[in-house]
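The values are calculated or read from the model by the stated rules, or taken from the named source; none is laboratory data. Values in this document were obtained by computation on a predicted structure and should not be read as measured data. Note: ideal-geometry Cβ built from the backbone for every residue, glycine included; neighbour counts use all protein chains shown. Note: accessible area is taken over every heavy atom of the protein model, side chains too, but ligands, DNA and RNA are not part of it. Shrake-Rupley method; radii C 1.70, N 1.55, O 1.52, S 1.80 Å.
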Amino acid sequence: MKIGIVCYPTFGGSGVVATELGKGLAKIGHEVHFITYRQPTRLDFFSENLFYHEVDIKSYPLFEHAPYELALASKMVSVVKYEELDLLHVHYAIPHASAAYMAKQILKEQGIQIPVVTTLHGTDITLVGKDPSYEPVVTFSINQSDGVTAVSEDLKKETYEHFQIRRDIQVIPNFIDLERFKKQKKEHFKLAICPNGEKLLVHTSNFRKVKRVEDVIRVFYEVRKKVPAKLLLVGDGPERDKMERLCRELGTCDDVRFLGKLDAVEEVLSVADLFLMPSEKESFGLAALEAMACEVPILSSNAGGIPELNVNGVTGFVCEVGDVRDMKDKALFILADENLPTFKQNALNRALEFDISAILPMYVDYYQKTIESTLARI
Ligand code: GMT
């Protein structure tokens, strides 16, 4: 198949999933064309089956905001037409699904039928999409897609709850490349951070409010009172300054390190004992899956789709959003020397179920069905 993939090219989970999916499809012989405003962060190797088309966003003094959606739709039209694509797969509804709708209508006038699959990732539904300033367009463009997938059962449920959706939504969970995400031998790194055998807690995120990084620091503060421990925070975003101030107030600066954005997050995860994800909203929790693949148990909230991944009491624990006391108790239980090895093994076993080799065929199958049903409707 010839597939066009539209996504955000940044560090965010939806862009990572889209890029890894494209790379995986290219590996098994499909031709994949990425259409984005910048080279996707993880599109880091050359393959004869991978192509990248940059959206040119022309500005003009009259525009306070350049109309990205129009430039994207125009680029989709030309790539579908000249590369003779079989299907467009857009990740994150806003504004990709509505741009795809516009491209589809333009192409239809030229006698070209292009099936569109939209994958819902989370905040496009649970946060931004629900807002009245976007809701009518999101509802319309989901209903106009030829296929719709969501990354968890919970996200599917939320979509039906908050939008008037007439389409079937297929759940295809996120996945991981276990060849990349696996525990690496990094003992020297662990020794440098935890010279006295301290337990190492890790959090990675975009430091937005929904991630509740404050809970990460407060749980760590409580845990450290009971067991010697260190905390590594990977990523950057709007809440970081506030979090650095909180560490100073709590007097934890010597034991907490802010690492900023990192490409090789698996190196940090390889030496971690516990991963913290106390998010207020989380449709899936890809960062937790990455940690599990590196044999790290998860202490998470019960938000969104996280409980579908983190099996309570097995791969870690799932607590009420904001319940720092319970999180602290559960963290100490996991970190106990007699429990930690079992949690680590269980986390890895669970991650194996989400290997790209198990999930990729679900997308291929879904593409084929969508193409067939779209052609049958003409
Ligand atoms: O977490 C973010 O804010 C980034 C966001 C994105 O779209 O890039 O992540 C969402 O999509 C990921 C991939 O499907 C999911 O693993 C995350 O759980 C989801 N984030 C939220 O729902 C908050």
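Annotations for the structure displayed:
- Any hit, region 135-143, residues being of a type in the set (D, E), surrounded by fewer than 24 Cβ atoms within 10 Å (Cβ to Cβ) and without any contact (Cβ under 8 Å) to a residue 24 or more places away in the chain: no
- The criterion of being in contact (Cβ under 8 Å) with a residue 40 or more places away in the chain and part of a loop (DSSP other than H, G, I, E, B) does not hold for R218.
- Residue list for region 1-47, filter: away from the ligand (no atom under 11 Å from the Cβ), in a loop (DSSP other than H, G, I, E, B) and aromatic (F, W, Y): Y37, F45, F46
- Checking each residue in region 142-184 for being closer than 23 Å to A103 by Cβ and among the polar types (S, T, N, Q) picks out N143, Q144, S145, T149, T159, Q170.
- T342 falls short on exactly one of the conditions (1) of a type in the set (V, I, T); (2) part of a helix (DSSP H, G or I); (3) in contact with a Phe, Trp or Tyr (Cβ under 7 Å, 6 or more places away or on another chain), and that condition is (3).
- When restricted to residues that are away from the ligand (no atom under 13 Å from the Cβ) and farther than 15 Å from N346 by Cβ, region 287-320 contains 3.
- Note on region 196-211: residues that are more than 16 Å from the ligand (Cβ to nearest atom) and open to solvent by 50 Å² or more (accessible area, probe 1.4 Å) total 2.
- With respect to the conditions (1) crowded, with 16+ Cβ neighbours inside 10 Å; (2) of a type outside the set (F, W, Y); (3) touching a helix residue (DSSP H, G or I) at 6+ places or on another chain (Cβ under 7 Å), D56 lacks only one, and its number is (1).
- Subset of region 109-127 [within 16 Å of the ligand (Cβ to nearest atom), open to solvent by less than 10 Å² (accessible area, probe 1.4 Å) and outside any loop (DSSP other than H, G, I, E, B)]: V117, T118, T119, L120, D124, I125
- Hits in region 252-286 - residues which are within 15 Å of the ligand (Cβ to nearest atom) and without any contact (Cβ under 8 Å) to a residue 60 or more places away in the chain: G285
- Number of the exception - Q170 against (1) without any contact (Cβ under 8 Å) to a residue 12 or more places away in the chain; (2) within 16 Å of the ligand (Cβ to nearest atom); (3) open to solvent by 80 Å² or more (accessible area, probe 1.4 Å): (1)
- Checked against the criteria, Y363 counts as over 25 Å from E187 (Cα atoms), open to solvent by less than 30 Å² (accessible area, probe 1.4 Å), in the same structural domain as V116 (by TED's automatic domain parsing) and in contact with a helix residue (DSSP H, G or I) (Cβ under 7 Å, 6 or more places away or on another chain).
- Between A293, A287, A303, the distinction of being at pLDDT 95 or above, touching a Phe, Trp or Tyr at 6+ places or on another chain (Cβ under 6 Å) and not assigned by TED's automatic domain parsing to the domain that holds A150 belongs to A293 only.
- Consider region 224-242 and keep the residues that are aliphatic (A, V, I, L, M) and under 13 Å from V256 (Cα atoms). The one that is nearest to the chain's Cα centre (by Cα) is V234.
- Flag for D365 being in a helix (DSSP H, G or I), away from the ligand (no atom under 14 Å from the Cβ), modelled with pLDDT of 95 or more and among the acidic types (D, E): yes
- Among the residues of this structure, A73 does not count as one that is buried (at least 22 other Cβ atoms within 10 Å of the Cβ), outside any loop (DSSP other than H, G, I, E, B), of a type in the set (G, A, S) and within 16 Å of the ligand (Cβ to nearest atom).
- Complete set of residues in region 9-46 that are of a type in the set (F, W, Y), in contact with a Pro (Cβ under 8 Å, 6 or more places away or on another chain) and surrounded by fewer than 19 Cβ atoms within 10 Å (Cβ to Cβ): Y37
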